[in-house]
Each structure stands twice: as C-alpha cells, then as structure tokens.
Amino acid sequence: MAQLAPASQDETVLSGTGRWHPVEMSPAALVDPDTWVRAQPWFDPATFPLNRPEDAEIDRFDNSLCTSLTNNTDDPHGRIRRLAEEGGDPTADTFAWADVAVGGPDPAQLRGFSSPDNLVFNRLGNLWMVTDISSGSLNDPPPSPYGYHRNNGIFMIRVGGPDAGVAFRFGSVPNEAESTGPIWSPRQDTMFLAIQHPGEESGVGGAVRGDPTTYTSWWPHGNKTTGENPSEPLPSVIAIRRS
C-alpha cells in the first residue's frame with residue numbers, strides 16, 4: 001500500500017516522496033481492504049487516496065513503476081505518475097514519485113490527453129497509453145472538460161529528453177468506444193489492442209434495435225462517417241502493423 005506526500009490528490013503538486021506499507025494476508029484485509037487500511041495507525045486520508053489508478057507498468061531501463069491515474073472530481077483529466085524505490089531497490093520501503101505526464105488540453109488545443117488507462121512500454125523506453133473518457137462525456141460542449149478530446153485515443157509519451165511528458169496522439173478509436181490492453185509483438189512491429197463498446201450511447205440517442213442506420217457507430221464492418229455499410233457495432237481486437 002503506497003503512502004504519498006505531499007497530498008497525493010493535490011493536482012498542483014507534481015513530485016514528492018512516499019512509503020510502502022504491507023497489507024496483511026488476512027480475511028479482513030482481503031475482503032474489505034478499504035476499511036482495513038483506514039483502521040491502521042499509519043493511515044492518513046490526505047496521503048493515501050490516489051486518483052483512480054487503472055494500470056501499472058515497470059520501466060525495464062530503471063525498474064521504476066509508472067501508473068495511470070485516470071481522473072476524479074479534483075483532477076478531471078488525470079495523469080501518469082512514476083514511482084522509483086530508493087536506490088533502485090525494488091524491496092525498499094521508501095520511494096520518490098513524480099508526474100511524468102499531466103492530462104488536459106494544451107493552450108492551442110492541438111494535443112493533450114484525458115483519463116489515461118492502460119499503459120505499455122516499447123523497447124525504446126517510450127510509454128504508450130490509451131484513454132478512457134466515459135462515452136457519455138465524449139464530445140460534450142463546454143463547460144464539459146472533455147469536449148476538446150473528441151474520441152478516445154492512443155498516445156505515445158516520451159519519458160525523457162526535451163519533449164518528455166508530451167503526449168503525441170497516434171490514433172483515435174471508434175465513436176463511443178475505448179481501447180484497452182495494448183501490447184507489442186515480440187519484434188515490436190505490431191501493436192495489438194481491444195476496442196470495447198463502440199456505439200455505447202446508441203440507446204440513449206434513440207436508436208431502434210435492428211436498424212443499424214440509427215446506431216451511433218458502425219464499427220467494425222461499416223463506416224458511419226462516409227455512410228458505408230450500416231452495421232451493428234461490435235467489440236473487436238485489432239492489430240496495427242508497422243509498414
């Protein structure tokens with residue numbers, strides 16, 4: 001269990017230190033870990049709650065841990081946070097933490113991400129990330145904080161160099177969908193990922209069951225943008241190959 005300081009949910013704080021606390025392998029801790037943690041003498045409500053961590057990946061170059069913190073009411077766009085144990089020792093009780101990428105639009109609204117979800121490193125050490133803005137919030141006009149983002153996307157983030165922390169948008173996923181579980185082939189020339197719940201808001205928008213022309217997405221067998229082949233939206237697994 002990670003304890004971070006300063007306050008872990010303060011979006012203005014970008015770095016700090018922390019300490020690991022063991023979690024007992026007891027029924028109380030395993031069945032209701034939230035209640036168990038809050039009853040411990042070392043619990044501090046300001047330094048324990050995190051911003052909905054969705055995934056964690058080890059950076060093989062330095063053995064640090066990167067985790068995606070999706071969002072909450074105080075930080076609607078989320079961030080990616082790195083935890084590095086003291087001395088590079090994975091058994092250390094203490095660590096330093098720093099936000100390597102922070103969500104939200106850039107001033108020109110030409111790039112930026114929101115609600116980071118699954119992560120994967122490539123062999124060059126770049127971090128790839130997919131986003132998970134809820135379908136009901138995508139494309140919402142102001143004052144919604146998510147309108148700039150349009151559809152959920154796939155991003156590459158450099159973790160070092162002059163453009164460290166900049167999220168470069170690699171692709172967008174189908175309407176009202178999210179992509180999950182990105183993973184590289186052994187040769188790293190192909191990325192596999194899942195497309196979940198395309199057209200999720202069709203029912204909310206008044207779609208008629210059995211009439212694909214009323215659905216909000218025709219993925220993967222049709223293209224609603226071009227009006228080609230109205231189809232029932234279906235989840236899928238795709239492969240993106242390097243040409």
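The values are calculated or read from the model by the stated rules, or taken from the named source; none is laboratory data. Note that the coordinates shown come from a computational prediction; the quantities given were computed from them, not determined experimentally. Please note: Cβ atoms are built from the backbone with ideal geometry, for glycine as well, and neighbour counts cover all protein chains shown. The protein model used for the area step is the full one, side chains on, heavy atoms only, and it has no ligands, DNA or RNA in it. Shrake-Rupley method; radii C 1.70, N 1.55, O 1.52, S 1.80 Å.
Quick one: would you say Asp140 is open to solvent by 30 Å² or more (accessible area, probe 1.4 Å), more than 20 Å from Phe61 (Cβ to Cβ) and touching a residue at least 12 places away in the same chain (Cβ under 8 Å)? Against the criterion (open to solvent by 30 Å² or more (accessible area, probe 1.4 Å), more than 20 Å from Phe61 (Cβ to Cβ) and touching a residue at least 12 places away in the same chain (Cβ under 8 Å)), Asp140 does not qualify.
Scanning the stretch 34-57 for residues that are without any contact (Cβ under 8 Å) to a residue 24 or more places away in the chain and either open to solvent by 60 Å² or more (accessible area, probe 1.4 Å) or more than 27 Å from Gly87 (Cα to Cα) (or both) yields a total of 9.
Of the residues Ser217, Ser179, which is part of a strand (DSSP E or B) and closer than 20 Å to Arg150 by Cα?
On the way: Ser217 fails: part of a strand (DSSP E or B).
Among Ser217, Ser179, only Ser179 is part of a strand (DSSP E or B) and closer than 20 Å to Arg150 by Cα.
Note on the stretch 93-134: residues that are among the hydroxyl-bearing types (Ser, Thr, Tyr) and more than 27 Å from Trp184 (Cβ to Cβ) total 2. Apart from one condition, Ile157 fits all of (1) surrounded by 19 or more Cβ atoms within 10 Å (Cβ to Cβ); (2) under 23 Å from Trp218 (Cα atoms); the exception is (2).
Just wondering, is there one or more residues in the stretch 10-33 that are of a type in the set (Asp, Glu), under 19 Å from the mean Cα position of the chain (by Cα) and either at pLDDT below 90 or open to solvent by 80 Å² or more (accessible area, probe 1.4 Å) (or both)? Full working, then the answer.
In the first step, residues of the stretch 10-33 are kept if they are of a type in the set (Asp, Glu); the result is 10-11, 24, 32.
Okay, now just the ones that are also under 19 Å from the mean Cα position of the chain (by Cα), so 10-11.
Restricting the remaining residues to those that are either at pLDDT below 90 or open to solvent by 80 Å² or more (accessible area, probe 1.4 Å) (or both) gives 10-11.
Within the stretch 10-33, one or more residues are of a type in the set (Asp, Glu), under 19 Å from the mean Cα position of the chain (by Cα) and either at pLDDT below 90 or open to solvent by 80 Å² or more (accessible area, probe 1.4 Å) (or both).
Is it true that Leu65 is touching a strand residue (DSSP E or B) at 6+ places or on another chain (Cβ under 7 Å), modelled with pLDDT under 85, open to solvent by 30 Å² or more (accessible area, probe 1.4 Å) and within 22 Å of Gly181 (Cα to Cα)? It is false that Leu65 is touching a strand residue (DSSP E or B) at 6+ places or on another chain (Cβ under 7 Å), modelled with pLDDT under 85, open to solvent by 30 Å² or more (accessible area, probe 1.4 Å) and within 22 Å of Gly181 (Cα to Cα). Here is the figure for the stretch 102-132: residues that are without any contact (Cβ under 8 Å) to a residue 60 or more places away in the chain and in a strand (DSSP E or B) total 1.
Please verify whether Gly88 is open to solvent by less than 60 Å² (accessible area, probe 1.4 Å) and either within 15 Å of the chain's Cα centre (by Cα) or aromatic (Phe, Trp, Tyr) (or both), treating the condition exactly as stated. Reasoning before the result, please.
Details: open to solvent by less than 60 Å² (accessible area, probe 1.4 Å): yes; either within 15 Å of the chain's Cα centre (by Cα) or aromatic (Phe, Trp, Tyr) (or both): no.
For Gly88, the condition - open to solvent by less than 60 Å² (accessible area, probe 1.4 Å) and either within 15 Å of the chain's Cα centre (by Cα) or aromatic (Phe, Trp, Tyr) (or both) - is not met.
Tell me whether the stretch 163-174 contains one or more residues that are touching a helix residue (DSSP H, G or I) at 6+ places or on another chain (Cβ under 7 Å) and under 26 Å from Gly147 (Cβ atoms). The answer is no; no qualifying residue exists.
Quick check on this structure: which one of Asp140, Asp163 is farther than 14 Å from Ser115 by Cα and at pLDDT 85 or above? Write out each step before concluding.
On the way: Asp140 fails: at pLDDT 85 or above.
The conditions single out Asp163.
Comparison of Thr70, Thr94 shows that the only residue that is within 30 Å of Ser202 (Cβ to Cβ) and either open to solvent by less than 30 Å² (accessible area, probe 1.4 Å) or more than 19 Å from the chain's Cα centre (by Cα) (or both) is Thr70.
In this structure, is Ser135 in contact (Cβ under 8 Å) with a residue 60 or more places away in the chain and of a type in the set (Ser, Thr, Tyr)? Outline the logic, then answer.
On the way: in contact (Cβ under 8 Å) with a residue 60 or more places away in the chain: yes; of a type in the set (Ser, Thr, Tyr): yes.
Taking the combined requirement at face value, the residue satisfies it.
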